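First up is the structure itself, then whatever we jot down about it.
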Amino acid sequence: MCHPTRRQFLRRSAGAIGASLTLPTLIPSTVLGKDGAAPPSEMITVGFIGTGSHGTGWNLRAYLQQPDAKVLAACDVDSSHMDKAKQEIDKKYGNTGHWVRSGLDPVGCLKVMEGRIRGFHLKDVAEKGVVDARDVPLGEGKADYAAVLTELKRQGYRGVMTIEYEHDSPELMEDVAKCVAFVEKMAKKLG
């Protein structure tokens with residue numbers, strides 16, 4: 001695993017900020033509070049520290065039901081508690097990369113979750129059914145992202161989508177730019 005120095009981190013961060021300022025941005029209507037969605041300015045973002053029986057059974061599930069709250073992070077020193085919390089969060093928001101790593105078909109998962117997805121992580125991975133499979137740019141892995149985005153369009157999904165890319169490498173910025181380019185290309189194709 002690559003552990004960048006502070007200078008490398010700052011250089012990459014500055015490059016990411018520069019790229020985000022120069023690339024076109026797609027803004028879904030939900031960001032503006034349309035279609036009954038709470039705009040980000042009225043959303044509560046929550047992180048959980050400690051996800052044992054009370055944290056997951058009471059608090060996490062309650063926040064996942066709130067239309068004006070989004071669970072962004074959860075952690076616990078007990079890995080079994082952490083796994084249970086992660087499963088609850090992924091059931092609510094969807095994560096294609098984790099579905100593919102688990103050997104699941106992301107389009108099939110989307111169909112099962114139709115009408116219940118409030119947020120979505122766009123992530124593609126190199127191998128299906130391999131828990132430690134590394135992230136790859138969208139459209140280059142096993143998630144069949146053309147089909148995933150087509151299914152989201154069919155469902156009329158209008159929530160927020162975020163590109164999630166966890167593979168730290170010297171090509172990080174290029175890989176994220178490829179992800180953005182893929183989504184923009186598909187958005188034009190799907191209309």
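Given the criteria in a loop (DSSP other than H, G, I, E, B) and at pLDDT 90 or above, does residue 143 qualify?
The answer is yes for residue 143.
Go through the range 61-107 and count every residue that is in a loop (DSSP other than H, G, I, E, B), hydroxyl-bearing (Ser, Thr, Tyr) and touching a strand residue (DSSP E or B) at 6+ places or on another chain (Cβ under 6 Å).
0
In the set 157, 165, 145, which member is touching a residue at least 24 places away in the same chain (Cβ under 8 Å), under 27 Å from residue 66 (Cβ atoms) and among the aromatic types (Phe, Trp, Tyr)?
Testing whether each residue is touching a residue at least 24 places away in the same chain (Cβ under 8 Å), under 27 Å from residue 66 (Cβ atoms) and among the aromatic types (Phe, Trp, Tyr) leaves just 157.
Give me the pairs: first residue in the range 179-191 and in the same structural domain as residue 121 (by TED's automatic domain parsing), second residue part of a helix (DSSP H, G or I), beta-carbon distance under 6 Å, and six or more apart or on different chains, which are they?
186/149; 190/153
What number of residues within the range 132-157 are exposed (fewer than 15 other Cβ atoms within 10 Å of the Cβ) and among the charged types (D, E, K, R)?
4
Kindly provide the set of residues from the range 88-122 that are more than 14 Å from the chain's Cα centre (by Cα) and not assigned by TED's automatic domain parsing to the domain that holds residue 180, ordered by number.
Of everything in the range 88-122, just one residue is more than 14 Å from the chain's Cα centre (by Cα) and not assigned by TED's automatic domain parsing to the domain that holds residue 180, namely 88.
What's the total number of residues in the range 108-140 that are assigned to a helix (DSSP H, G or I) and either closer than 21 Å to residue 181 by Cα or free of Cβ contacts under 8 Å to residues at least 24 places away in the same chain (or both)?
Of the residues in the range 108-140, 3 are assigned to a helix (DSSP H, G or I) and either closer than 21 Å to residue 181 by Cα or free of Cβ contacts under 8 Å to residues at least 24 places away in the same chain (or both).
Of the residues that sit in the range 43-60 and are part of a helix (DSSP H, G or I) and of a type in the set (Gly, Ala, Ser), which one is surrounded by the most Cβ atoms within 10 Å (Cβ to Cβ)?
55
Name the residues in the range 175-191 that are acidic (Asp, Glu) and either closer than 12 Å to residue 164 by Cα or loosely packed, with under 14 Cβ neighbours inside 10 Å (or both), would you?
175
Considering only residues that are at pLDDT below 75 and in contact with a helix residue (DSSP H, G or I) (Cβ under 7 Å, 6 or more places away or on another chain), which ones fall in the range 64-93?
Once the filter is applied, which keeps residues that are at pLDDT below 75 and in contact with a helix residue (DSSP H, G or I) (Cβ under 7 Å, 6 or more places away or on another chain), the range 64-93 yields 90, 92.
Determine which single condition residue 37 fails, assuming it passes every other condition in (1) surrounded by 15 or more Cβ atoms within 10 Å (Cβ to Cβ); (2) at pLDDT 75 or above; (3) of a type in the set (A, V, I, L, M, F, W, C).
The failed condition is (2).
The values are calculated or read from the model by the stated rules, or taken from the named source; none is laboratory data. A quick note: this is a predicted structure, and the numbers were derived from the prediction, not measured. In this analysis, Cβ positions are derived from the backbone assuming ideal geometry, glycine residues included, and neighbour counts consider all displayed protein chains.
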